[in-house]
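**Student:** One structure coming up, written as structure tokens, with questions to follow.
The values are calculated or read from the model by the stated rules, or taken from the named source; none is laboratory data. The shown structure was predicted, so the numbers you read here are calculated from the model rather than taken from an experiment. Glycine gets a Cβ as well: all are built from the backbone with ideal geometry, and neighbour counts include every protein chain shown. Surface areas here come from the heavy atoms of the whole protein model, side chains and all, with no ligands, DNA or RNA. Shrake-Rupley method; radii C 1.70, N 1.55, O 1.52, S 1.80 Å.
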Amino acid sequence: MRFWIALLLAAFVTGCASGTRRADVAAGASLVDPVVLQEQGRSGHAESYVIGPTDLLSISVFQVADLSVREARVDAAGSIHMPLIGTVHAAGDTPGELAREIEALLSESFLQNPKVSVAVSEAASQKVTVDGAVNKPGVYLMRGQTTLLQAVAMAEGPTDVADLKSVAVFRTTPSGRMVAIFDLADIRNGAATDPVLLGDDVVVVDASRLSVATQRALQTLPGLAAVFRYW
């Protein structure tokens, strides 16, 4: 028995030394408070998101249902079709800019002081990369507003060796590349806010400091596993 305990302790130490930790992964990016990325996500998707081809939009003209379009797909040329005013170029505009353009076109001949709102139902031109200790790493299309929890779910969830307390979100901004670390366990149970991601964000789910082999071995020795539960 002492031999196995010694062997597992050695494996544990090795796992701690070789395990992927966020300090290493974050090299080359400025570590920021998670609140910074959360605030960017709240404002960025609604106010700064740039509409692109294949995005699906929902356009509402206040109190004029016949002029509203529940599903307006942006075509390859970057345009949408609206009742009465016809083709409107949408790609390259934010939702707010497109709404104001439609208001101007409607006010020219059809309505007085129209009020238009534009929402992005599917941000098909935006993608998020999910990597690390997830079941299906890859690049995924963002369907409308996408949160960190939803992005990990798109990658078929974390693996059994994932460290849910160490999930990094990398983002490239005009001021440089930044990274924030989130506790996915707290997000799941409602103890922390689920941040909204932006296009081209990279999510990296860290692996536990215990190696896969060590964790499996510990499962056969429940008493010893308790010693490592909070490492």
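**Student:** Looking only at the range 122-137, which residues are assigned to a strand (DSSP E or B) and in contact with an Asp or Glu (Cβ under 8 Å, 6 or more places away or on another chain)?
**Tutor:** Going residue by residue through the range 122-137, those that are assigned to a strand (DSSP E or B) are 122, 127-132, 134.
Scanning the range 122-137 gives 122, 127, 128, 129, 132, 134.
**Student:** Which one of 65, 155 is among the small types (Gly, Ala, Ser), at pLDDT 95 or above and either open to solvent by 50 Å² or more (accessible area, probe 1.4 Å) or within 22 Å of the chain's Cα centre (by Cα) (or both)?
**Tutor:** 155
**Student:** Looking at the range 94-116 only, could you name the residues that are of a type in the set (Gly, Ala, Ser), surrounded by fewer than 16 Cβ atoms within 10 Å (Cβ to Cβ) and over 24 Å from the mean Cα position of the chain (by Cα)?
**Tutor:** 104, 107, 109
**Student:** Please state which of the following conditions residue 96 fails to meet, knowing it meets all the rest: (1) within 30 Å of residue 188 (Cα to Cα); (2) part of a helix (DSSP H, G or I); (3) in contact with a helix residue (DSSP H, G or I) (Cβ under 8 Å, 6 or more places away or on another chain); (4) of a type outside the set (Val, Ile, Thr).
**Tutor:** Every condition holds for residue 96 apart from (1).
**Student:** Within the range 128-145, is even one residue open to solvent by less than 20 Å² (accessible area, probe 1.4 Å) and farther than 28 Å from residue 53 by Cα? I'd like the intermediate steps shown before the answer.
**Tutor:** We begin by selecting, within the range 128-145, every residue open to solvent by less than 20 Å² (accessible area, probe 1.4 Å); these are 128, 130, 133-134, 142, 144.
Narrowing the set further to residues that are farther than 28 Å from residue 53 by Cα leaves 133-134.
Yes, the range 128-145 has at least one match.
**Student:** Here are the criteria: (1) among the charged types (D, E, K, R); (2) at pLDDT below 70; (3) not in a helix (DSSP H, G or I). Tell me which single one residue 71 does not satisfy.
**Tutor:** (2)
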